[in-house]
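Okay, structure first, notes after.
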Amino acid sequence: MATLRISVPFGRLLTGSRGAERVCFRARTQPQPDTPLQPLPQPSAVRLLCRWLSSEAAESRSSEMKKPTFMDEEVQSILIKMTGLNLEKIFKPAVQELKPPTYKLMTQAQLEEATRKAIEAAKVRLKMPPVLEERTPINDVLAEDKILEGIETAKYVFTDISYNIPHRERFIVVREPSGTLRKASWEERDRMIQVYFPKEGRRILPPLIFKEENLKTMYSRDRHVDVLNLCVAQFEPDSTEYIKVHHQTYEDIDKHGKYDLLRSTRHFGGMAWYFVNKKKIDGLLIDQIQRDLLDDATSLVQLYHMLHPDGQSAQEAKEQAAEGVNLIKVFANTEAQKGAYIELTLQTYQEAFMSSHSAAS
Amino acid sequence: MGYGVVLGSAPPAEGWGPRFDEEPLGRRRTGCPGGRRRGSRFSMAAAVRAAGRLPALCGVWTGHFWCRQLSLNTFPTASVLALKTTFSNGPLSLQGTRDSRHFTSLSHALQTQCCISPPTSRSGQQYRPYSFFTKLTADELWKGALAETGAGARKGRGKRSKKKRRKDLNRGQVIGEGRYGFLWPGLNAPLMRNGAVQTIAQRSKEEQEQVAADMLQQREEWDRKRRMKVKRERGWSGNTWGGLSLGPPDPGPNGETYEDFDTRILEVRNVFNMTAKEGRKRSVRVLVAVGNGQGAAGFAIGKATERVDAFRKAKNKAIHYLHYIERYEDHTIFHDISLRYKRTHIKMKKQPRGYGLHCHRAIITICRLIGIKDMYAKVSGSVNMLNLTRGLFHGLSRQETHQQLADKKGLHVVEFREECGPLPILVASPRGALRKDPEPEEEVPDIRLDWEEVKAAQGMKRSIWSGLKRAST
C-alpha cells in the first residue's frame, strides 16, 4: 500500500474528506549540503532528534531522506518562485455571465491594500496539485461462493455510504456473477464515490476530451492549462489516467517549447518537477534565459542538483562553488543534452545585457 | 399597327434625326383657349425652321435617288417631314387624295421608284396619318392626359390610385423601321458594305414578322419593368420612415465630404399651417440624426413642402450641429445616467461587452450612429421624439469620464470586475495632487432609489414584458 504523504493545504484543495493515513514528519536532514547558496538551518540537535525518531526504519528512510520530495518546503519555495505571479494572467476574465464593473475611489494606500489582497488570493489560486506515485491496483478477493454461480447475470456493487468515513477507507465490494466477492478496483471505487457523493466538476464517466485525438486537438490550440485543470477535477492524483495525462501534456509542452503557457498557473511546479526528475530541463532553461529570468534558471539548476546530487554537474558545481550564471554554465558543460544551445543563449543574453548596461551608462 | 404619328417626344438617339417636338408642324396658333381647330395649312415659317434641321438626314441621303427628285427650296418641306413620319408606319401611302396638290409630284416620284401598296385596313384598328395627335407635341399631349394641375390636384384631393405615369412612346423607334420592312441604307441598314454603297432592300416576310415580334416583346418588357414596384427598405416597421438611412450628407461648399457619416431618419410628420390664400397648407417635418460611429453625432429637423426636400434640408443641417460623445472603451457609457428633459425621463445603464442595445428603437438608432454598442435605457413619461433626442444628447454630452472624476476627487479610480476576481484595475489617476484621505463611505449609500428598480429587485414586478429576450442588436 502506498503511503500518502499529505499536508494540510493539500487537504483543503480536495473537497472530499480524505483522512491522512499517515502524516510523516520529515525534516530535511542531509549528510552534506549540496546547495551552497542555501545553507540549511540544521542545528545538530534537530538532526539527532530526527535520527532518533526514524531509528526503526533507518536504512529505508536514509535513502529516501537524501531524495527531496515534492512537498518539501525548499522544493516548494523554489517552484513557487519559478512559477511567478502575473496577476493579469491569474485573474484572467473567466467565461461567465458578465456584469457591469464597479468603480471605487481609492487613495494610494487603499490601492496598495487592494493589490495585496489580490496577491494573497492569487497565492491561494496557485496552490499546486499534489504529485503522487501511481497507486497499485487492488486485487483482493474476500470470498468465493460457488453456490451463487449462474444465478445473477450482472455484477452487484455494494458501497458503504455512511457520511463520516473518509473516501479512501470506504468499503466498496463487488459480487461477480460467478460468485466471487472482491474489493472494487480503483476505477470502480472512483465511479461509485462520484455517484453517491458527487463532486463539482467531476463526471461519473471520464469525458471524451481525454481521448488521444481530442487531447491532440487541445494541444494544437494551446489549451494545455484547460486540459490540466479538467484532469485535476476529474481524476484522483494517484490514478493512472491523471499521471498519464499530466506526463503527456508536459511532453507536448517540452516538444513545442510552450513553457510560458503554464507560467503563473498552479501546474508550473508539477511540470518543473517532472522535467527535473526526467533530467530534461534543457528546454525550460533555454526558455527562461531567453525571457531574461536568470534567477529562475539558476534555481532550476539548483533543484536539479538537489535531486541528483550524485550527478556530474552537481559534483563539479560543488567543487567550483559556482554561483548564478556559472552554475548554468557548469550544467551546460556537463550533463545537458543541448549544452551548446544553452551556452549560445547565455552568450546572447550576456551580450544584450552588456549592451543595455553600456547604453544606460 | 403603329404608334401613329405622334412626333418625337424623347431625346433622339443616335441617328434619329432632329427633334420635332418643339415646333408643331403646321399648327397655327389661333390663340383661342377652347377647342383647337386645325386647318390643313402649313405655316411656311415653321416648315422652314423645321427644314433647317433636315440637313442631317439629307446629308445621309446624298447621292441617292431622293435628291434627284427633291430639292428643298422648291418643295413644301413639311410634306417631306410628313412623309417621313409615315415611313415609320410602313406603307408609303399616298397622302394624295386629301391634300393632293402638295404631294402629287412626290407621289409620282415614289411611284416611279418604289413599290407602293395602298393602305390596307388592319383588323379594326384605325390608322390616321394625320390627326389631332399629330398636331401637338408630346409634352402638350401628356400634360392634357395626366392632368397634374387642376382643382383635383390641389388641397390634397388627388387620389393615389388615379395618378397616371407618363410613357415615352418614341422609345425604341428607329427611323427607317416600318411595317413593310424596308432596309434603308444609312437608317436601319449599314450604308457601306465592302466599300460599296448599298441599295434599298426589303426584308422577307418572316424576318419582318420576327422583327415586329421582337419589338413587341421589347416594349412589353419595358412596360413590365416600369410597372414593377420597387420595394422600399423597411425601417423600424412596415410603413414608417423611422430607422431608414439617407446616406451621407451632401459635400460642403469648401469641398469637405462627409463620407463616413451616416444619416438616419427618426421621425417624419405632416404638419399643417393655415394660410390666407390656400387655407390648410401641408408641410413635412423630418427629424434626422447623423453620426460616424466614432463618437461624433448630431441631429436636426428639416421642414419643406416635399418630403425629399425636407430630408435633404435636415441632413445638411444636422452635420453642422455635431456633438462629440465620450465612450468607455468604445462600446458603452462611463456610468449610469438618469435624466429628465421636459417631460421625458430617460434612465441609461452601463452594460458589459456583448450585452447589446436594450433600448427604445430611436435610442438604438442614435447609439448605433454614435458608436455605443452595449447599453440599457428605459424611457418613461413623454415619448416625444424631439424631446427624447434632445434629452439623450444632453445627457450623453454631460458624462463624466474616469479621468475627469479622478481629477475632480483627487483619488485613483479603480475598477473591479466580477470575472476577474479581486484584481483591482487602475483606470485613471488624478493629474493634479493625489489626496491622502480616503473617500467617506457610508454603510447605506445616500442615493435616490427608483421605485421601478426596487420592485424589479424585490420580485414584485408583475409585468409579462419584464425579462423578455429579443433578438440581439
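Could you tell me the distance between the Cα centroids of segment A:241-260 and segment A:285-361, to the nearest Å? A separation of 23 Å, based on Cα centres. As a fraction of the 1.4 Å probe accessible area of segment A:131-206, surface on carbon and sulfur atoms comes out at 56 percent.
Can you give the FRET efficiency to the nearest 0.05 for B:Asp330 and B:Ser429, using r as the Cβ-Cβ distance and R₀ = 22 Å?
That gives a FRET efficiency of 0.55.
Here the Karplus curve 6.51 cos²θ - 1.76 cosθ + 1.60, taken at θ = phi - 60°, turns the phi angles of segment B:220-229 into couplings of 5, 5, 4, 4, 5, 5, 5, 6, 5, 7 Hz, with x standing for Gly and Pro. In segment A:208-360, taking the dipole from charged Cβ atoms about the Cα centre, the farthest positive-side position among A:Thr265, A:Gln320, A:Leu228 is held by A:Leu228.
In segment B:325-361, which residues give up 40 Å² or more of accessible area once the other protein chains are added, compared with their chain alone (1.4 Å probe)? Buried by 40 Å² or more upon assembly, which counts only protein chains, are B:Lys350, B:Pro352. Find the sum over both chains of the accessible area lost when B and A are paired, probe 1.4 Å, and report it in Å² to the nearest 100. So the buried area, both faces added, is about 2400 Å².
Estimated at 0.36 nm per residue, the fully extended path between B:Glu439 and B:Thr240 surpasses their Cα-Cα distance by 66.5 nm. For the segment A:95-102, counting C-beta atoms of other chains within 10 Å of every residue's C-beta and taking the mean gives 6. When segment A:141-184 is described by a simple charge dipole with +1 on each Lys and Arg Cβ and -1 on each Asp and Glu Cβ, the residue from A:Ile151, A:Tyr163, A:Gly179 located farthest towards its positive end is A:Tyr163. The distance linking segment B:328-380 with segment B:429-473 is 15 Å (Cα centroid to Cα centroid, whole angstrom).
By accessible area, using a 1.4 Å probe on protein heavy atoms only, segment A:208-360 has 51% of its surface on carbon and sulfur. Mean separation of Cα pairs under 8 Å and 6 or more residues apart, divided by the residue count, gives segment A:141-184 a relative contact order of 52 percent.
In segment B:389-423, burial by the other protein chains removes 40 Å² or more of accessible area from B:His412, B:Val414, B:Phe416, B:Glu418, B:Glu419, B:Cys420, B:Pro422, B:Leu423, compared with the chain on its own (1.4 Å probe, ligands and nucleic acids ignored). Projecting the Cα atoms of B:Ala196, B:Gly172, B:Leu183 onto the charge dipole of segment B:155-202 (Cβ charges, centred on the Cα centre) puts B:Gly172 farthest toward the positive pole.
Based on protein heavy atoms only, segment A:141-184 ends up with 67 Å² per residue of surface accessible to a 1.4 Å probe.
Solvent-accessible surface of segment B:172-305, taken per residue with a 1.4 Å probe and all protein chains present: 65 Å². Measuring between alpha carbons in the structure, the pairs from A:Lys104/B:Lys469; A:Lys104/A:Lys127; A:Lys99/B:Lys455 lying more than 22 angstrom apart are A:Lys104/B:Lys469; A:Lys104/A:Lys127. For the cross-link pairs B:Lys378/B:Lys409; B:Lys303/B:Lys342; A:Lys255/A:Lys338, which exceed 21 Å when the distance is taken from alpha carbon to alpha carbon? Cα-Cα > 21 Å for B:Lys378/B:Lys409; B:Lys303/B:Lys342; rest within. Taking every C-alpha pair closer than 8 Å and separated by at least 6 residues, the mean separation divided by the residue count of segment A:208-360 gives a relative contact order of 16 percent.
The values are calculated or read from the model by the stated rules, or taken from the named source; none is laboratory data. Computed from a predicted model, the values in this text were never measured in an experiment. All Cβ positions, even for glycine, are placed from backbone atoms using ideal geometry, and neighbour counts span all protein chains on display. Ligands, DNA and RNA are stripped out before the accessible areas are found, and what is left, the full protein with its side chains, is counted by its heavy atoms. Shrake-Rupley method; radii C 1.70, N 1.55, O 1.52, S 1.80 Å.
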